[in-house]
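Enquirer: Please find one structure pasted underneath; my questions will follow.
The values are calculated or read from the model by the stated rules, or taken from the named source; none is laboratory data. Values in this document were obtained by computation on a predicted structure and should not be read as measured data. In this analysis, Cβ positions are derived from the backbone assuming ideal geometry, glycine residues included, and neighbour counts consider all displayed protein chains. Calculation scope for accessible area: heavy atoms of the full protein, side chains included, ligands and nucleic acids excluded. Shrake-Rupley method; radii C 1.70, N 1.55, O 1.52, S 1.80 Å.
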Amino acid sequence: MTKKIKKIGIITSGGDAPGMNACIRAITRSAIYKGLEVFGFKRGYNGLIENDFIPLQSNSVSNIIQRGGTILKTARSDEFRTIEGRKKAFKNLQKNNIDALVAIGGDGTFTGASVFIKEFNFPIIGIPGTIDNDLFGTDYTIGYDTALNTVVQAVDKIRDTASSHGRLFVIEVMGKDAGFIALRSGIATGAEAVLIPETPTYIDHLLRKLNRDYQHHKPSSIIIVAEGDDFGGAYKVAEAVKEKHPFFDIRVTVLGHIQRGGSPSAFDRVLASQMGAGAVDYLLQGKKDVMVGFMNRTTVLTPFNKAIKHHKEINPNLLKLVDILSI
Ligand code: F6P
């Protein structure tokens, strides 16, 4: 029989994402509402290994729904990849009478969780927190909407100066393995081209298009490149364009970690609140080894191994739309 859950732990792990705090708040308060005790472990799995935690009361999570980052801090734990590390983590969970864990993070977080559940039969439920939006089993991950809006605001500003000077800007956005940020920000800012890891980059095709735009006297051009694109990033793209079309006045902007910070959007706060409260309900129903996703306006569960292994497809119509709308 599964043990009755009375005390839960929370961790945030992997890259931080705006809305993680809103999620910590939602888990804490809905757990307290259901009569549970809550502990927050620091720096992801490292906090479990080092027994570094804080008890979370209702007022411990006051005034954080609007704050970026994570009050629990985050890390990618090397020690948790070892059996010795995981044994220490399990011992500390037992010592503190923690009955279940909610892990907010991305695929690395869920890979670790899945191994841990199999080894120690310890209940863990996951919540997708990553700006990349690259997890199968959810339409949106916490932080993606905020990051997207950060990119759109930045590109709008760059467009102002690009069109004043008649320049071509190559802008690199985050997305090591996924082009969701690049693609949607490209549509939202009217980019002339978007390069993403999911599709091969045909540089000759891009060069022809840019030349056509130049002949048609386009006042400025924006190319958005996801960092994981196979051509090698924004600087490489800029070099290739300059070599073939030396008449372009080119600048490169790498947006970097600005995309990971800032106050979460209303969308991310609501998403995080629904997922956090949902995770507590699902744990109390005896669910584990699953990720809480959000699809068709409701929470859904996907087994960790599916969420990690299956690839979330980009919408090819959106890629086509970039071309159509930038003639
Ligand atoms: O959060 C996901 C992500 O933003 C990726 O797109 C990016 O490659 C990575 O994190 C960079 O993270 P860090 O600088 O923390 O290693």
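Enquirer: Would you calculate the separation in nanometres between label points at K287 and K306, each defined as 7 Å from the Cα along the Cα-to-beta-carbon direction?
Expert: 1.1 nm
Enquirer: Moving to a separate point now. Tell me, what HN-Hα J-couplings in whole Hz come from the Karplus equation 6.51 cos²θ - 1.76 cosθ + 1.60 at θ = phi - 60° for each residue of segment 84-89, using x for Gly and Pro?
Expert: Result, rounded to whole Hz: 4, x, 5, 4, 4, 4.
Enquirer: Let me ask something else. So with the 1.4 Å probe, I'd like the accessible area per residue for segment 239-327, rounded to whole Å².
Expert: With all protein chains present, segment 239-327 gives 57 Å² per residue.
Enquirer: So for each of 223-230, 71-78, 305-312, 17-24 I average, over its residues, the number of other beta carbons within 10 Å; can you give me the resulting order with the highest mean first?
Expert: 17-24, 223-230, 71-78, 305-312
Enquirer: Of the accessible area of segment 147-260, with the probe set at 1.4 angstrom, what percent is carbon plus sulfur?
Expert: 51 percent
Enquirer: Taking only DSSP H segments of four or more residues, each worth -39500 (n - 2.57), what value at 222 nm results for the chain once the sum is divided by all its residues, to the nearest 500 deg cm²/dmol?
Expert: It lands at -13500 deg cm²/dmol.
Enquirer: Restricting to the chain, compute how many DSSP beta bridges are antiparallel as a %, nearest 5.
Expert: Counting DSSP beta bridges with both partners in the chain, the antiparallel share is about 20 percent.
Enquirer: Given 0.36 nm per residue, what is the gain on full extension from D204 to I64 after removing their alpha carbon distance, in nm?
Expert: That pair, D204 and I64, stretches by 45.6 nm at full extension.
Enquirer: Contour minus end-to-end for Q153 and F248, with contour as 0.36 nm per residue of separation and end-to-end as the Cα-Cα distance?
Expert: In short, 31.8 nm is gained.
Enquirer: Rounded to the nearest 0.05, what FRET efficiency is calculated for Y33 and I258 with R0 set to 30 Å and r the Cβ-Cβ distance?
Expert: That gives a FRET efficiency of 0.25.
Enquirer: Among 165-178, 29-42, how do they line up by average Cβ neighbours within 10 Å per residue, starting with the highest?
Expert: 165-178, 29-42
Enquirer: Considering only protein heavy atoms and a 1.4 Å probe, what is the carbon-and-sulfur percentage of the accessible area of segment 6-100?
Expert: Ligands and nucleic acids excluded, carbon and sulfur reach 46 percent.
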